[in-house]
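**Q** Could you have a look at this structure, given as structure tokens, before my questions?
The values are calculated or read from the model by the stated rules, or taken from the named source; none is laboratory data. This is a predicted model, so every value here is computed, not measured. Because the Cβ atoms are built from the backbone with ideal geometry, glycine has one as well, and the counts that use them run over all protein chains shown.
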Amino acid sequence: MTLPYLRFRMGPQRYALPLSRVRELIEYHPPALLPGAPRVLRGLINVRGEPLPLVDLAWRLGMTLVTEVRKRPVLLLEAMWQRGPVCFGAECDDVDGLIELDETQLSPPSPFAKVPPPEFVKGVLAEDDEITLVLDVERILSEDDLLATALTGEATPES
């Protein structure tokens, strides 16, 4: 069965997420910084009066960050936690649009790849001379993983 996926880019790499986990796409607004917050959290963004955490998806996927600040699209992603659905913002460099995808089209992620961690990748789509990594939102935004990262991860500066 084919399902819609949102394809986007971070750096030179193409990624895709199930459209069912993308609440919407919004324009970037600088986040309110949270001194002492875990490194994975860039801050809070205001989405129509609702404060939402802005997750550093590039850092979460193990990518080298670009320090240049520019307006990027923000994906509002939904993950299922024990208390119910939780929404997060995540920046990307560009949105490539929607694709229809059947999971039988996916190859397994390479066990040798370290970036992104293989457990974050549902599968690999090879088409148009490019590779698209299909991400697992539930693993990337897992309640247990994010809380563990918050407790043990590098914190943002206090100032």
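**Q** What's the number of the only condition in (1) more than 15 Å from Gly89 (Cα to Cα); (2) without any contact (Cβ under 8 Å) to a residue 12 or more places away in the chain that Gly62 fails to meet?
**A** In the conditions (1) more than 15 Å from Gly89 (Cα to Cα); (2) without any contact (Cβ under 8 Å) to a residue 12 or more places away in the chain, Gly62 misses (2) alone.
**Q** A further question follows. Could you list, in sequence order, all residues of the range 142-151 that are buried (at least 16 other Cβ atoms within 10 Å of the Cβ) and modelled with pLDDT of 75 or more?
**A** Of everything in the range 142-151, just one residue is buried (at least 16 other Cβ atoms within 10 Å of the Cβ) and modelled with pLDDT of 75 or more, namely Ser142.
**Q** Taking the range 91-119, which residues are under 22 Å from Ala58 (Cβ atoms) and in contact with a Gly (Cβ under 9 Å, 6 or more places away or on another chain)?
**A** Scanning the range 91-119 gives Asp93, Pro109, Lys114, Val115, Pro116, Pro117.
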